[in-house]
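The values are calculated or read from the model by the stated rules, or taken from the named source; none is laboratory data. These numbers were taken from a predicted model, which means no experiment stands behind them. Positions of Cβ are generated from backbone atoms using ideal geometry, with glycine treated the same way; all protein chains shown enter the neighbour counts. Quick note on the areas: whole protein, heavy atoms, side chains included, nothing else; ligands and nucleic acids left out. Shrake-Rupley method; radii C 1.70, N 1.55, O 1.52, S 1.80 Å.
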Amino acid sequence: MEIATFGAGCFWGVEAKYRTIKGVISTEVGYLGGTLKNPTYEDVCTDKTGHAEVVQITFDPNVVKYSDLLDVFWKCHNPTTLNRQGPDIGTQYRSAIFYHSEEQKIIAEKSKLNLEEKHVYKEKIVTEITTTSTFYKAEEYHQQYLEKKGLANCHI
């Protein structure tokens, strides 16, 4: 099994999207990329911790490729808006790929470059590609939030 971690705005809809993919074993939403240890949702919402809302995905690379997960990432949010997704504004909503290996870094950078060269987006892609750091699992009520509420999706 491998792990992939993406920040694409509010983690609820992003998590729901990844849970539908064959080869995804599990998902967890949480916070990554900041300075505060053990942040809470309330902490992250202050926009002062530096954390992004992320989805951490455990997947079987024999069933689904990391590059396929990246394709979903690019399509499920707007990677050209800095620190914003739709009505959600703040660094916690930034577009980010947190890689877990040198191979993931290379694949992510090539994927981003390919989109830029093909001019898929009118604006410049602002997605950060950064090594992973400590992942803090979000509070239980955030896990599989849309499923718990009986909703199929939110903004994506």
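Per-residue 3J(HN,Hα) values for the stretch 29-34, derived from phi via the Karplus relation 6.51 cos²θ - 1.76 cosθ + 1.60 with θ = phi - 60°, read 9, x, 10, 8, x, x Hz in sequence order (x marks Gly and Pro). Backbone amide hydrogens, once placed in the peptide plane, bring Ile25 within less than 5 Å of Thr58, Phe59, Asp60, excluding anything fewer than 5 places away on its chain.
Each Lys and Arg contributes +1 and each Asp and Glu -1, all at the Cβ; summed about the Cα centre of the stretch 84-156, the dipole is approximately 200 debye. Highest mobility in the GNM of the chain, judged by mean-square fluctuation with C-alpha springs under 10 Å and restricted to Ala108, Ala52, Ala96, is found for Ala108.
With all protein chains in place and a 1.4 Å probe, the accessible surface of the chain carries 51 percent carbon and sulfur. Give the lysines whose C-alpha is closer than 26 Å to that of Lys137, dropping any in the same chain fewer than 8 places away, or say none. Counting by Cα, and skipping residues close in sequence, Lys137 has these lysines nearby: Lys17, Lys22, Lys37, Lys48, Lys65, Lys75, Lys105, Lys148, Lys149.
Residues whose amide H falls under 5 Å from that of Ser133, counting only those 5 or more places apart or on a different chain, are Gly33, with hydrogens built in the peptide plane. Here the Kirkwood formula puts the hydrodynamic radius of the stretch 67-144 at 13.7 Å, using every distinct Cα pair.
A 1.4 Å probe run over the protein chains yields, for the chain, 53 Å² of accessible area per residue, whole-number rounding. Site pair Asn62 and Thr35 shows an inter-label distance of 4.5 nm when each label is modelled 7 Å from Cα along Cα→Cβ.
Projecting the Cα atoms of Gln92, Thr131, Asn78 onto the charge dipole of the stretch 8-156 (Cβ charges, centred on the Cα centre) puts Asn78 farthest toward the positive pole. Summarising the label geometry, the points placed 7 Å from Cα in the beta-carbon direction at Ile125 and Ile89 lie 2.6 nm from one another.
Here the stretch 1-28 and the stretch 57-134 have alpha carbon centers that stand 12 Å from each other. If R0 equals 30 Å, the separation of the Cβ atoms of Ile106 and Leu151 corresponds to a calculated FRET efficiency of about 0.25. Using the Cβ-Cβ distance between Leu113 and Ser133 with R0 set to 30 Å, the FRET efficiency works out to roughly 0.80.
Applying the Karplus relation 6.51 cos²θ - 1.76 cosθ + 1.60 with θ = phi - 60° to the stretch 131-142 yields 3J(HN,Hα) values of 4, 5, 9, 5, 8, 10, 5, 6, 4, 4, 5, 7 Hz, where x marks Gly and Pro.
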